[in-house]
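Below is one structure, written out as structure tokens, with a few remarks after it.
The values are calculated or read from the model by the stated rules, or taken from the named source; none is laboratory data. Values in this document were obtained by computation on a predicted structure and should not be read as measured data. Here the Cβ is made from the backbone with ideal geometry for all residues, glycine too, and neighbour counts use every protein chain on show. Areas reflect the complete protein model, heavy atoms only, side chains present, ligands, DNA and RNA absent. Shrake-Rupley method; radii C 1.70, N 1.55, O 1.52, S 1.80 Å.
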Amino acid sequence: MQTRIQEHRKAKNVTQNELADAVNVTRQTIISLENGRYNASLILAHKIAQFFGVSIEEIFIFDKEEENI
Amino acid sequence: MIGLFCESKASNNEEYKKVIKSRMNVMLLIFAIGCVTLAVALLAEFLWTVNIKEQMLGVYTGLGTGLIVGGAILWVRNLRILKDEEKLKQNRLNCTDERILEISNKAYRVATFVLLISLYAVGLIGGLFYPALVKVLLFLVCAFLLAYMIAYRIYEKQM
């Protein structure tokens, strides 16, 4: 799944470490989310969206074709 | 190896301290099991006069010593984590991070598959020379599948 975490992070001038600390995950998880290698759980997605003050849909791009829907 | 047996839902260091303390108790239990194993081996050899093979005596004493040393080292390691807030936080993240836990679950699945294949292969080949081995390995596979089914039913009711 593609995400806009990096865009939002850079816009807010937040480092990967700071975001990881805020949502209680490791920095490696943030890197994997930004690269699209790992899909966040609903709880983590909610925490990240809350951190940036936006909706989940604005951060996580749901591709229907990719998910075979 | 990060996620092996360390899954936790602690959301802060204070909650995680309780997890570490209970983990230290498990380490003490491992230490005690090691002592019992070593004691049984030594008593069997010197006091009970059981006719124990030299090789098996070595296995029991090695296993006992390994459990004692392993338990003690892990107990000290957890104590050091408990006293250092930064290490505690890092350790907590490694045991609560959902990605690490998913990696761990996937690794478990692969390891379980390899274990079952290995048990079957050892039973098949070893059974030609030691028929009792087939029975033991079949019992282990059945015990594993039974434990899986029971655990599945329990978690099915919880979710």
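Need the list of lysines near B:Lys83 for cross-linking: C-alpha distance under 28 angstrom, and skip anything on the same chain fewer than eight residues off.
B:Lys9, B:Lys17, B:Lys18, B:Lys21
For chain B, what does the accessible surface come to per residue with a 1.4 Å probe? Please give it in Å².
73
Are there DSSP H segments in chain B that both extend 27 Å or more along their axis (alpha-carbon positions) and score a mean Kyte-Doolittle hydropathy of at least 0.5? List them, or say none.
Span-like helices in chain B: B:13-46, B:54-83, B:98-129, B:131-158.
Excluding ligands and nucleic acids, what accessible area in Å² is computed for B:Val134 using a 1.4 Å probe, to the nearest 10?
About 50 Å², rounded to the nearest 10.
Using only helices, what value at 222 nm comes out for chain B when you add -39,500 (n - 2.57) per DSSP H run of length 4 or more and divide by the total residues, to the nearest 500 deg cm²/dmol?
Estimated from H runs of four or more residues: -30500 deg cm²/dmol.
Can you list the residues, at least 5 places off or on another chain, whose amide H is less than 5 Å from the amide H of A:Arg4, using H built in the peptide plane?
Counting only residues 5 or more places away or on other chains, the set is A:Phe60, A:Ile61.
Could you work out which residue, out of B:Glu85, B:Glu102, B:Glu45, moves most in a Gaussian network model of chain B, that is, has the largest mean-square fluctuation with Cα springs under 10 Å?
Between B:Glu85, B:Glu102, B:Glu45, it is B:Glu45 that shows the largest mean-square fluctuation.
Please state, rounded to one decimal and in Å, the Kirkwood hydrodynamic radius that the protein assembly as shown gives when every pair of distinct Cα atoms enters the mean of 1/r.
Kirkwood radius, the protein assembly as shown: 21.9 Å.
Run the reach check for A:Lys64 against lysines, Cα to Cα strictly under 30 Å, same-chain hits fewer than 8 apart removed. What comes back?
Leaving aside lysines fewer than 8 places away in the same chain, those within reach of A:Lys64 are A:Lys10, A:Lys12, A:Lys47, B:Lys106.
Counting only Cα, what are the radius of gyration and maximum Cα-Cα distance Dmax of chain A, in Å?
According to the Cα coordinates of chain A, Rg and Dmax are 11.4, 35 Å.
Taking the full set of protein chains and a 1.4 angstrom probe, give the accessible area of B:Val141 in square angstrom, rounded to the nearest 10.
40
To check my understanding: the extent here is largest minus smallest coordinate of the Cα atoms along each principal axis. What are those three numbers for the stretch B:12-159, in Å, largest first?
Per principal axis, max minus min of the Cα coordinates gives 54, 41, 25 Å.
Name the residue, out of B:Met24, B:Met56, B:Met149, whose mean-square fluctuation peaks in a Gaussian network model built on chain B with Cα pairs under 10 Å.
Among B:Met24, B:Met56, B:Met149, the largest GNM mean-square fluctuation belongs to B:Met149.
Which aspartates and glutamates have a Cα less than 19 Å from the Cα of B:Lys89, not counting those fewer than 8 places away in the same chain?
Within the straight-line limit of under 19 Å, B:Lys89 reaches these aspartates and glutamates: A:Glu18, A:Asp21, B:Glu7, B:Glu14, B:Glu15, B:Asp97, B:Glu98.
Pull out a ≥ b ≥ c, the square roots of the eigenvalues of the alpha-carbon gyration tensor of the stretch B:59-98, then state rounded if a/c is under 1.5, prolate if not and a/b is larger than b/c, and oblate in the remaining case.
oblate
Report the residue, chosen from B:Tyr16, B:Tyr130, B:Tyr60, that carries the largest GNM mean-square fluctuation when chain B is represented by alpha-carbon nodes joined by springs under 10 Å.
B:Tyr130
Does the stretch B:21-62 classify as rounded, prolate or oblate by the C-alpha gyration tensor (a ≥ b ≥ c root eigenvalues; a/c under 1.5 gives rounded; else a/b over b/c gives prolate, otherwise oblate)?
prolate
What total accessible area, in Å², is buried where chains A and B meet, using a 1.4 Å probe and rounding to the nearest 100?
Values: alone 4720 and 12140 Å², together 15970 Å².
Chains A and B together bury approximately 900 Å².
Express the carbon and sulfur contribution to the solvent-accessible surface of the protein assembly as shown as a percent, rounded to the nearest whole number, probe 1.4 angstrom.
65
Can you compute the modelled spin-label distance between A:Glu66 and B:Tyr155, with each label point 7 Å from Cα toward Cβ, in nm?
Those two pseudo-labels are separated by 2.6 nm.
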